[in-house]
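Read through the structure below, which is laid out as structure tokens, and then see the notes.
The values are calculated or read from the model by the stated rules, or taken from the named source; none is laboratory data. Every value quoted in this text rests on a predicted model; they were computed, and no experiment measured them. All Cβ positions, even for glycine, are placed from backbone atoms using ideal geometry, and neighbour counts span all protein chains on display.
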Amino acid sequence: MCELAEQMRQLAMEAQNNSSNSVARRKALNSLVKLIQGSGLLTRQQSWSQLPNFEEIYQEAVNDALVKFCKDIEKYSPQYPVMAWVNHIFRWCFLDAVSRYRERTPICSFDEEAAEERLFKDLLEGEGQSKEDANLFRDFIESDPEGILRDLHIRRDRNTNLQKILIFLCEGREWKDISTKSGHPIPTLSSFYQRSIKKRNVVEYCRKYLQ
């Protein structure tokens, strides 16, 4: 672990070890936020850069993510780098900021389902992610704490479920390979995947454990 990542981890644990209203926690969090802001390690969300007022949306999401990060510091697990967790929070805050912008600016063309699909694409393909970011997402998929990903499967084939497909995609497998292993044609697999990741309960499930 590099020096900056270790410094962030120590500050996060220092904040956790002090009561929520203590001066010591506020001091540790303030120092941590300054390190995060100056690190240059927040994802740039390049796949959204063509949005009108992108920088405004981006800064709004950054502020929201840092507030949530400080509020939920107890949820941070020191086994992961701080920035891995911050970037997962930030992705969801960015999606929320885009949704709010759409409400404020009706003329802006925005497909919310396509936005959620793009979020999964970024998570799977590692846009702006470090190895640790990707590991955090994969660990969530493999543990599937509430079994929601396992319960979504193709027809009566419980072995071909959303969890397994996501793991294959995390490994960089091609759809042709997934088709061979599952015994289902690519159009069937792709259609199932596209429908599944747009389900509200799947999106909120991921948000619950990754934000």
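Descriptive notes on the structure:
- Out of ASN87, ASN53, one residue alone is over 18 Å from ASP139 (Cβ atoms), in contact with a helix residue (DSSP H, G or I) (Cβ under 8 Å, 6 or more places away or on another chain), of a type outside the set (A, V, I, L, M, F, W, C) and at pLDDT below 95. It is ASN53.
- The sole residue among THR188, THR105, THR160 that is modelled with pLDDT under 90 and hydroxyl-bearing (Ser, Thr, Tyr) is THR105.
- Scanning the stretch 149-202 for residues that are among the polar types (S, T, N, Q) and in contact with a helix residue (DSSP H, G or I) (Cβ under 6 Å, 6 or more places away or on another chain) yields a count of 5.
- For the stretch 65-83, a residue qualifies if it is in contact (Cβ under 8 Å) with a residue 24 or more places away in the chain and over 16 Å from LYS208 (Cα atoms), and the qualifying residues are LEU66, CYS70, PRO78, TYR80, PRO81, VAL82, MET83.
- Residues satisfying the stated conditions in the stretch 180-205, i.e. buried (at least 17 other Cβ atoms within 10 Å of the Cβ) and in a helix (DSSP H, G or I): SER182, LEU189, PHE192, TYR193, SER196, ILE197, VAL202, VAL203, TYR205
- Subset of the stretch 26-55 (residues that are free of Cβ contacts under 8 Å to residues at least 12 places away in the same chain and within 18 Å of TRP92 (Cβ to Cβ)): PHE54
- Filtered by the rule that a residue be outside any helix (DSSP H, G or I) and of a type in the set (A, V, I, L, M), the stretch 151-179 gives LEU152, ILE154.
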